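Here the structure is laid out as structure tokens; the discussion comes afterwards.
The values are calculated or read from the model by the stated rules, or taken from the named source; none is laboratory data. Since this is a predicted model, take the numbers as computed values, not measurements. Virtual Cβ from ideal backbone geometry, glycine too; neighbours counted across all protein chains shown. Just so you know, the surface numbers come from the protein's heavy atoms only, side chains and all, with ligands and any DNA or RNA stripped out. Shrake-Rupley method; radii C 1.70, N 1.55, O 1.52, S 1.80 Å.
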Amino acid sequence: GSFRERRRGAVDMMVISFCFMGANMVDLYNALRPESEVWEYNRQKTRTRRRDKAKMNIVIPEQVKPFLARMSSGKRSKWMLPLLHEFYSNKDAATCGVNRIVKNWAKKNGLPEFTFYAIRHTWADIARNEAKVPKWLVDECLAHVGDFDLTDIYASRNWKEMAEANAKVLSLFEWPE
């Protein structure tokens, strides 16, 4: 893809990550196309350190659908984000490419430089401080490794509460129609 397409894709990836509660690039790069309105995956970074294998079920918010559509470019693919695979050969190249584009964009616009991972921190900060999502629920939404007790091991995660927390965060913004 052209640089213009890659730049648009980098911005779209930031928004997609934010709408998916700060999903990491590796998880987005490896995301298979969902068969329903829920994206199910196991978070790569913490899956080996959690008994639930860092399972995530994220309701696909309406706000993210135009961005997902642009990153699919109408292509029929097994991937949720086929253009990401067209632009970059692997997750590391995608992370480096998106970070480089975003850093240049920030510099050009007089903003502090930031990386893709900052989106995850931003979602958590807004959830906790602006949307008033309780800390334990922010941790759940991020699939952190934490101080789990037996209840966490035996009780299933409350996906509905997580979807509601994400909806609260996303409702704080004006989204294009």
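At-a-glance table
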{"read-out": "Residues with amide H under 5 Å from that of TRP79, placed H, sequence gap 5 or more", "value": "ARG33"}
{"read-out": "Reciprocal mean inverse distance between Cα atoms of segment 1-137 - Kirkwood radius, Å", "value": "15.7"}
{"read-out": "Accessible-area composition of the chain, carbon plus sulfur, in percent [1.4 Å probe]", "value": "52"}
{"read-out": "HN-Hα J in Hz across segment 125-136 - Karplus 6.51, -1.76, 1.60, θ = phi - 60°, x for Gly and Pro", "value": "5, 5, 4, 6, 9, 9, 8, 6, 6, x, 3, 4"}
{"read-out": "Sorted peptide list for 168-176, 56-64, 17-25, criterion being average Cβ within 10 angstrom, highest first", "value": "17-25, 56-64, 168-176"}
{"read-out": "Interchain or long-range residues, amide H under 5 Å from VAL38's placed H", "value": "ILE60"}
{"read-out": "Integer Hz, Karplus 6.51/-1.76/1.60 couplings in order for segment 37-46, x for Gly and Pro", "value": "7, 10, 8, 10, 7, 10, 4, 4, 5, 10"}
{"read-out": "Per residue value of the accessible surface for segment 1-98 (all protein chains in place, 1.4 Å probe), Å²", "value": "51"}
{"read-out": "Simple label model, 7 Å out from Cα along Cβ direction - THR122 to LYS55, nm", "value": "3.1"}
{"read-out": "Cα-based shape type of segment 63-143, given that a ≥ b ≥ c are square roots of the gyration tensor eigenvalues and the cut on a/c is 1.5", "value": "oblate"}
{"read-out": "Calculated FRET efficiency for the pair ASP92/GLU5, C-beta based, R₀ 22 Å, to 0.05", "value": "0.65"}
{"read-out": "Spatially proximal lysines relative to LYS91 (Cα-Cα < 17 Å; intrachain offsets below 8 disregarded)", "value": "LYS45, LYS78"}
{"read-out": "Along each principal axis, Cα extent of segment 1-71, largest first, Å", "value": "42, 22, 18"}
{"read-out": "Residues of type aspartates and glutamates that LYS168 reaches as a straight line, Cα spacing below 19 Å, ignoring anything fewer than 8 places off in the same chain", "value": "GLU37, GLU62, ASP125, GLU130, ASP139, GLU140, GLU177"}
{"read-out": "Residue-by-residue Karplus 3J(HN,Hα) for segment 21-35, coefficients 6.51, -1.76, 1.60, Hz, glycine and proline x", "value": "6, x, 4, 6, 4, 4, 6, 5, 4, 8, 5, 7, 4, x, 8"}
